[in-house]
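Note sheet for the following structure.
The values are calculated or read from the model by the stated rules, or taken from the named source; none is laboratory data. On a predicted model such as this, the values are computed, not experimentally measured, just so you know. All Cβ positions, glycine included, derive from the backbone under ideal geometry; neighbour counts span all protein chains shown.
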Amino acid sequence: GQSGGNVAQIFVELLGNEYRKISSAFLANKWREQVGEIPGVETLNFSSDLFSFGYPLSLDLSHPDYNTLVKISNLFQAKLKEIPGVFDVGDSFIPGKKELQLKLKPVGLDLGLSSNYIAREVRAAFYGAEALNFQRDKDEVKVRVIYPEKKRLSAQTLTQMWIKSPQGKFVPLSFVADFKLAESYSQIKRVNNRRVVTVFADVDETKNNANELRNTLAKTLLPELKAQYPDLSWSWAGEGKEQKESMQDIFKSFILALMLIYVLLAIPLKSYGQPLIIITAIPFSILGAILGHLLLGFNLSILSMFGIVGLAGVAVNDALVLVDAANFLKQQGNKPFEAAYLAGQKRFRAVILTSLTTFAGLMPMILEKSLQAQFLIPMAISLGFGILIATFITLLLIPCLFLIAQDLKNLFTK
């Protein structure tokens, strides 16, 4: 975060979740309502997140003309404030302190002066230049030459100031340079060598969804701004950027996990088709994970996705047990239908108990209220409900797919 004499922060430490009835987000919202707007404050933010990838809505805007960029930023912020559930809208542009800006005139160049030289002379006049230093006992005494305090407090002094040229002549400062008092930049942010202003906002998840908002803005408001300002470029930052990068990594890991699962199943089963039958349990386990989040009121997060990747390796266990039992019974002389039917009967108890005990083992974590558990709950929901739903689908679907595969095999072998 930002720091400095112009920045203030207030921290409030709450009791643990198990000892209070209100959430930290609820308290932050109430605090925000009570405080309202404070005159003269550039930005005012309230946060209740212990760990965050950034603002749910965070956008880097870039334009060759900085004044136009600030105008676009203000316009975009005004549009965001009109959206329900969006609050704490702001940007990274914070005006800095007043500064004196000097610009060398052509006549100054002709005299051999430079902007750096003139800046040093002005600084020496108002801040002081060290003329000499000497030792007094154990102390080193520095002597500075500086304008009197009365002159240093008046901007009129600049118009009366004289500068010594390389030729040894003194010329008025106003003769060789233009100067003006202006605001400096507290920071200059660049992304990929482009000067950017970051517009950010928080989102109340009970009223709106950050992912849907990002998609809507990318399809509506941002193309309109691009049409109005052709040189404008933008990219998502904060939580949106982190989520996109994380999802790409998770997707690659998920594909790799599926390939490894297929290979590990194909070797012992000595079949190319039966591993596909077993893997069909994975989509239904993902459905169960999503239903679990909806049932308990949790949003799908990055940690939920990690749980789903892990779920892919667990969800195939029940299907593998059924297919292996059906293969064994078929080798004993049973017809495919009888083998599938008997496999469901013989492995029903094992499949059900395995899934129920796994789900029961995860329930304490899912229902835990402590702060430390909040990071693991989404993963536990994905695993627990994914296994539970996949189990009942497996008992119905896998025997059917086993018979279909046998029919197709008989069809192609005739």
Just name the residue that is nearest to residue 279 (Cα to Cα) out of those in the stretch 305-355 that are surrounded by fewer than 21 Cβ atoms within 10 Å (Cβ to Cβ) and among the small types (Gly, Ala, Ser).
313
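Just to be sure before I move on: is residue 388 at pLDDT 85 or above, more than 23 Å from residue 21 (Cβ to Cβ) and touching a Phe, Trp or Tyr at 6+ places or on another chain (Cβ under 9 Å) in the structure I sent?
Values: at pLDDT 85 or above: yes; more than 23 Å from residue 21 (Cβ to Cβ): yes; touching a Phe, Trp or Tyr at 6+ places or on another chain (Cβ under 9 Å): yes.
In short, yes.
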Applying the selection to the stretch 261-309, what residues are polar (S, T, N, Q) and farther than 30 Å from residue 372 by Cβ?
271, 274, 280
Do we have any residue at all in the stretch 57-70 that's over 23 Å from the mean Cα position of the chain (by Cα), at negative phi and among the small types (Gly, Ala, Ser)?
no
Just for the stretch 367-382: of the residues that are of a type in the set (Gly, Ala, Ser) and outside any loop (DSSP other than H, G, I, E, B), which one is surrounded by the fewest Cβ atoms within 10 Å (Cβ to Cβ)?
373
The residue from 85, 108, 128 that alone is touching a residue at least 12 places away in the same chain (Cβ under 8 Å) and within 30 Å of residue 206 (Cα to Cα) is 85
What is the one condition in (1) modelled with pLDDT of 80 or more; (2) closer than 26 Å to residue 100 by Cα; (3) surrounded by 13 or more Cβ atoms within 10 Å (Cβ to Cβ) that residue 145 does not satisfy?
(3)
Given (1) outside any helix (DSSP H, G or I); (2) closer than 30 Å to residue 220 by Cα; (3) at pLDDT 85 or above, where does residue 75 come up short, assuming only one miss?
(1)
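Take the stretch 310-347 and flag every residue that is outside any helix (DSSP H, G or I) and among the basic types (Lys, Arg).
Here is the first cut: in the stretch 310-347, the residues outside any helix (DSSP H, G or I) are 332-335.
335 - this is the single residue of the stretch 310-347 that is outside any helix (DSSP H, G or I) and among the basic types (Lys, Arg).
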Looking only at the stretch 289-309, and only at residues there that are farther than 13 Å from residue 385 by Cα and not in a loop (DSSP other than H, G, I, E, B), the one that is nearest to the chain's Cα centre (by Cα):
302
Scan the stretch 78-110 residue by residue and report those that are closer than 27 Å to residue 216 by Cβ and in a helix (DSSP H, G or I).
78, 79, 80, 81
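Looking at the stretch 227-252 only, could you name the residues that are loosely packed, with under 14 Cβ neighbours inside 10 Å and in a helix (DSSP H, G or I)? Before you say what the answer is, go through the steps one by one.
Pass one, the stretch 227-252, residues loosely packed, with under 14 Cβ neighbours inside 10 Å: 227-228, 230-231, 244-245, 247-249, 251-252.
227, 228, 244, 245, 247, 248, 249, 251, 252, listed by residue number.
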